[in-house]
Amino acid sequence: MTEQQAHRTAQIERNTLETQIRVGVDLDGSGRSSFDTGVPFLEHMLDQVARHGLIDLDIVAEGDLHIDAHHTVEDIGITLGQALAAALGGKKGIRRYGHAYVPLDEALSRVVIDLSGRPGLTFNVDFRRAMIGGFDVDLFQEFFQGLVNHAAMTLHVDNLRGGNAHHQAETVFKAFGRALRMAVEPDPRMDGIMPSTKGSL
């Protein structure tokens, strides 16, 4: 079985004094997801990533939610980034780049990914309110920062328009899922080839 034919999976655990996180990922899944994090709105967003990225995600988290959700959300991003990096392996034969525009009613977001081996986040989302239900929207940037640092990807997130914060967030996560799906997809013309002139990513 070649690297492209094999299911690219990873199981990662991360334990600190603040959080205990377990993440399972299958890049060649069907969009199935299972979450138990204590942060329901983040789970709703991660379900969009799984469904629209055709990535199976299993995430269990216990954190100091009696303080706030910051540590839990950030550490889920970190652990998911580690799982994505592990599942990608050597990155031979993948498309490497991915992009997506996703609308939801009045909202429109664009996400562009480069699985470059270099962490970098540009996050331009002017949320129309500070809270979505009980979720602090500042934590979305913390989530993505942790993810890109540990997945070693370059990620540009731009909400181009939107009047409803829920719609803004949902378009971001749907677009991230679609862009990630494109970036990790095996390219039949790149079978066994590293998508970089450096010879490594």
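The values are calculated or read from the model by the stated rules, or taken from the named source; none is laboratory data. Everything numeric here is computed off the predicted structure, so don't read it as measured data. Here the Cβ is made from the backbone with ideal geometry for all residues, glycine too, and neighbour counts use every protein chain on show.
Residues are listed down the side, and each one gets a yes or a no for (1) touching a strand residue (DSSP E or B) at 6+ places or on another chain (Cβ under 9 Å); (2) of a type in the set (Ser, Thr, Tyr):
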site	(1), (2)
Leu147	yes, no
Ala151	no, no
His156	yes, no
Leu160	yes, no
Ala165	yes, no
Thr171	yes, yes
Lys174	yes, no
Gly177	yes, no
Arg181	yes, no
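Does any residue of the stretch 47-60 turn out to be surrounded by fewer than 18 Cβ atoms within 10 Å (Cβ to Cβ), in contact with a Lys or Arg (Cβ under 6 Å, 6 or more places away or on another chain) and assigned to a strand (DSSP E or B)? Looking through the stretch 47-60, at least one residue is surrounded by fewer than 18 Cβ atoms within 10 Å (Cβ to Cβ), in contact with a Lys or Arg (Cβ under 6 Å, 6 or more places away or on another chain) and assigned to a strand (DSSP E or B).
Close contacts from the stretch 146-162, counting a first residue that is touching a residue at least 60 places away in the same chain (Cβ under 8 Å) and of a type in the set (A, V, I, L, M) and a second that is surrounded by fewer than 21 Cβ atoms within 10 Å (Cβ to Cβ) and part of a loop (DSSP other than H, G, I, E, B), with Cβ to Cβ under 6 Å and a gap of 6+ residues or different chains, come to Val148/Pro119; Ala152/Gly117; Ala152/Pro119. For the stretch 32-45, the condition holds for no residue, the condition being that it is buried (at least 21 other Cβ atoms within 10 Å of the Cβ) and part of a strand (DSSP E or B). Filtering the stretch 1-27 down to residues that are at pLDDT below 95 and among the aliphatic types (A, V, I, L, M), which residue is surrounded by the most Cβ atoms within 10 Å (Cβ to Cβ)? Among them, the one singled out is Ala6. What residue, among those in the stretch 29-55 that are without any contact (Cβ under 8 Å) to a residue 40 or more places away in the chain and touching a Ser or Thr at 6+ places or on another chain (Cβ under 8 Å), is farthest from His99 (Cα to Cα)? Residue satisfying both the conditions and the ranking: Gly38. Considering the conditions (1) assigned to a loop (DSSP other than H, G, I, E, B); (2) under 23 Å from Ala83 (Cα atoms); (3) not charged (D, E, K, R), Thr197 is excluded by exactly one of them, (2). The residues listed here are Ala175, Ala183; of these, the one that is crowded, with 18+ Cβ neighbours inside 10 Å, farther than 12 Å from Arg110 by Cα, touching a residue at least 40 places away in the same chain (Cβ under 8 Å) and small (Gly, Ala, Ser) is Ala183.
Among the residues here, Asp75 does not qualify as part of a loop (DSSP other than H, G, I, E, B), among the charged types (D, E, K, R) and either touching a residue at least 40 places away in the same chain (Cβ under 8 Å) or farther than 23 Å from Asp138 by Cα (or both). Looking at Val137, Val112, just one residue is modelled with pLDDT of 95 or more and in contact with a Phe, Trp or Tyr (Cβ under 6 Å, 6 or more places away or on another chain), and that residue is Val137.
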